[in-house]
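In what follows, a structure is listed as structure tokens, so that the remarks can point back to it.
The values are calculated or read from the model by the stated rules, or taken from the named source; none is laboratory data. What you see is a predicted model, and the numbers here were worked out from it, not measured in a lab. Cβ atoms come from the backbone with ideal geometry, glycine included; neighbour counts cover every protein chain shown. What goes into the accessible areas is simple: the full protein's heavy atoms, side chains included, and nothing from ligands, DNA or RNA. Shrake-Rupley method; radii C 1.70, N 1.55, O 1.52, S 1.80 Å.
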Amino acid sequence: SGRYEVRLLYQAHENRATNTRVTVNSASGTHAQRINQRTPPPLDGGFLSLGEFEFTAGQTNRVVLDNKGVDGNVSADAVLIVPAP
């Protein structure tokens, strides 16, 4: 249990969606946002921070990418969950 940063790894490309919906379900609740996958992720290693969230041991948590209504391809190579700084 604790506070963690959730990061998404994807390869930016001109055929990617500019309005990909990403939802994180955690002990903090449900947090949804839209990301532009045509823009290169700013963090080292090609990651984009989705924010910091509380996670509880034994609880099911999810990171969901949704392609409903997007204007391009949706892609994800990895999700990284690291202790919050």
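Stretching the chain fully between residue 31 and residue 79 yields a gain of 15.7 nm (0.36 nm per residue, less the alpha carbon separation).
Take the chain with all the other protein chains still there, run a 1.4 Å probe, and you get 58 Å² of accessible area per residue.
Surface listing: 6, 70 arranged by accessible area from highest to lowest gives 70, 6, probe 1.4 Å. For a paramagnetic label modelled on residue 19 (point 7 Å from Cα along Cα→Cβ), amide N atoms under 16 Å away belong, within segment 51-85, to 66-74. Can you pull the percent of the chain's accessible area that's carbon plus sulfur, 1.4 Å probe, other chains left in place? Result for the chain: 45 percent of the exposed heavy-atom area is carbon or sulfur. Stokes-Einstein, applied to the Kirkwood radius of the chain over Cα pairs at a viscosity of 0.692 mPa s and 37 °C, places its translational diffusion at 249 µm² s⁻¹. Computed over protein heavy atoms with a 1.4 angstrom probe, the accessible surface ordering of 60, 18, largest first, is 60, 18.
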